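For reference, the structure discussed in these notes is given below.
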Amino acid sequence: MERLEKLLELGGVKKDIAFLAVSGISLLASLFGFAPFGFDFAWIAIILCGIPILLEAVIGLVTKFDIKADVLVSLALIASVMIGEIFAAGEVAFIMQLGALLEDLTVARARAGIEKLVHLTPRTARLVGGGEEKIIPADQVQVGDVIRVLPGETIPVDGVILTGNTSVNQAVMTGESLPVDKAAGDSVSSGTVNQFGSFDMKAAKVGEDSSIQRMIRLVQSVDAGKAKIVGLADRWATWVVVVALLSAVLTWAISGEVIRAVTILVVFCPCALVLATPTAIMAAIGNATKHGFLVREGDALERLAAVTDITFDKTGTLTYGTPQVVSVVSCRSGWSEEKLYRAAASAELRSEHPLGKAIAASYKSQLSEDAEIPEPASFRMEPGRGVTAVVDGQEVTAGNAELLAEKQVDLPQEIKDRAQASLAKGCTVTYVAVDGAAVGFLALSDTLREEAPDTIQKLKAMGVTPVLLTGDHASAAHSMAEKLGISAVYANCLPEDKLKRIEERQKAGRQVCMIGDGINDAPALKMAYVGIAMGGIGSDIAVDAADIALINDKIRELPHLLRLAKRMMVTIKCNLTFSMALNFIAIILAIYGTLNPVVGALVHNAGSVLVIVNSAFLLSWRKKEKAVR
C-alpha cells in the first residue's frame, strides 16, 4: 500500500509539471494572438491550473471554513472571466500553480524510518525448557521464560543472563559502536545483537514492553505531535481577502467601473507572496546540496534559522566511531612498549571483536603499513573476556581484568593505577599477560574528528550553544567535551533520555537542533526543532527520521548551513516586503484606473520574476569566514 502511495505521489508531481508546461505554452500562444477558430488558448491554462485552485478553495471553505490564498485567487479568476479578461485569468492561475508546485517539490512526504524499526524487531526466539530447545514466534515469549541466544542473533526480548559469557552490540540502544561484555546477572535489551558467545537468559520484558517496541512508539508519537510551519501567504490570507474585497467593492461603488474592481482583485493576488518563500527555500536547498546536505523537509531551513542550541551525539558524529590505540604502557622489565604492542597485535590478529581488530589495525597504521604482525601459533576466543594465543612460543593473554583473574594473573598496583587514569579519560583498557605474568596494557579510545573543535568554536561564535548528548560513559563523555570546549554534557543516555533532555530545553523556550547518526538517535531527531543525520555513516532509520542529512559527514560545513538558513530568511523577508509594496502600489494605480486587468497581471508577474531572481542569488551564496581561535 505504501509503495502504491509513493507511486501515485510521484505521478501527481509529474502530472502537475505536465499541466504547467501545457499551460505555459497555451499562454504564450494567447499572448501572440494565435487563436484558430476564435479559440483563446488561455482557456487551457484556466482549465488545467485554475479549476484545481477553485476546487481547493471551495473544499476548504465548505469543510473547514479555511480561508487561504486560493480563495482570493479564485475570486480574481471568476471576476476576470466574467468581464472577458481571459489572458489575465490564465496568467494568475499559472503563477499560483507554479508556486504550489515549488512548495510541493521542497517537501519530503515519504517516511520509511518506522517501517525499518519494525523490521529490527526479532521474529523468533529459542525457548529452552523440559530438556529441549524449540523456536517460537518472539511475540509468544512470556515473562520468566528461559531463552537461548546464539552468536550473531538479535536478542528477542529484554531480560537477564542466567549462564554464559558474551559481547553484545548495543548500538541500536546507546549508539556506541563498541560491544559491551556481558556475563551472568547482566541485563540485555531486545533489538541488540549477540556477537560472540551463546547464553541463556530469563525474559523480563516482552512484547510491547520491550526496549525496541518502546523506541518504535517514541518515534511514532513524536512524529505525530510535530507541527509544521504554515506558509506565510496562508497565514495572512484571511485579512488579505478581506482587504481585497473591501477595496474592490468600494472602488466599484465609488467609480461605477467594474473593471477597476476586477483589476484590484488581480493585482491583489498573492503570486509574488506565494513565490517569495518556496523560491528562496529551493535556492538555499541547492546551495546546501553543493556543500553535502540533503534537505528532506521543505521548511527545515526556515526552522534552522531560529535554532539556539545544537545537541550532538558523540560516537560517529563528533568522533569517527572507530577506536584506536592511544597509549601503550609496559610495566615489566625486558618488555618495551613496541614489543608489548607487537605481542598484543599478534594475539588479536584473528579476533573478530572490534577492540581486537582495532589493536591490529592501529599497530599497522601507527608504526608502518608494511609492519608485519606474526601469525599466532594457536588462538582461542574467550567470549566476553578477550583472547589467548601463542606468539613466538609464548602464551599471550589480552583482555579485561576478569580474564586475567580467571587465568590467576595478578595485576601489579602500578598497572592498576595507570589503567585507572586511562579509564578516567574515557579510554577502554586491554590488559596483556605473557606466560601467566602481567606485562602492561593498551588504552584505546574513539578518535575525534579533526574539524570538530573548530566547528564547535564557530558555532559558539554565532551564539549557538553546543550540547553533548551521548550514550557513552560519563568519563568518556566529559573527556571528549573538554577537548571540544562543550560545557553542557549528558552521558549514559538511552533514547528516552535524549528525548527528555531535548524536550526540557524546548519547553524552556530554546529551539534545539539534534545531530546524530544511530538508530537510537531517531526519536531525538524527530523531537528536535530540526534533526540532522550523518547520512554517510549513519543508519537509514536516523536519516529517515531527520529533516536534513549530511551526506559526506563533514561537520565542518555546519556553520555554513546555519548561516545559509539565516541568509535565506533575510531573502524571504526582502521578497515579502518587495511583493507587498508592489501590490499596494498596483492597487492604488488600479483604484485610479491607471491599470487594467491585463497590465495589472503583467506588472504583478514582473514582481514574481524579480522575486525569483533575488532568490536565485542564494544558489552560490557563502559568507567569508574569519579564522576562529
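Here are the numbers for this structure:
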quantity	calculated
Taking Phe578, Phe199 and counting other C-beta atoms within 10 Å, the order from fewest to most	Phe578, Phe199
Given Lys205/Lys416; Lys500/Lys554; Lys458/Lys526; Lys526/Lys554; Lys205/Lys498, the pairs whose alpha carbons are separated by over 30 Å	Lys205/Lys416
Average projection area in nm² (convex hull over Cα atoms of the range 243-342, one quarter of hull surface)	12.1 nm²
Alpha-carbon Debye profile of the range 347-503, log10 I(q)/I(0) at 0.09 Å⁻¹	-0.41
GluC sites (Glu not before Pro) within the range 399-504: DSSP coil, no more than 16 neighbouring Cβ in 10 Å	Glu450, Glu451
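Each value in this text was obtained by applying a stated rule to the coordinates, not by laboratory testing. None of the values given here were measured: they were computed from a predicted structure. Because the Cβ atoms are built from the backbone with ideal geometry, glycine has one as well, and the counts that use them run over all protein chains shown.
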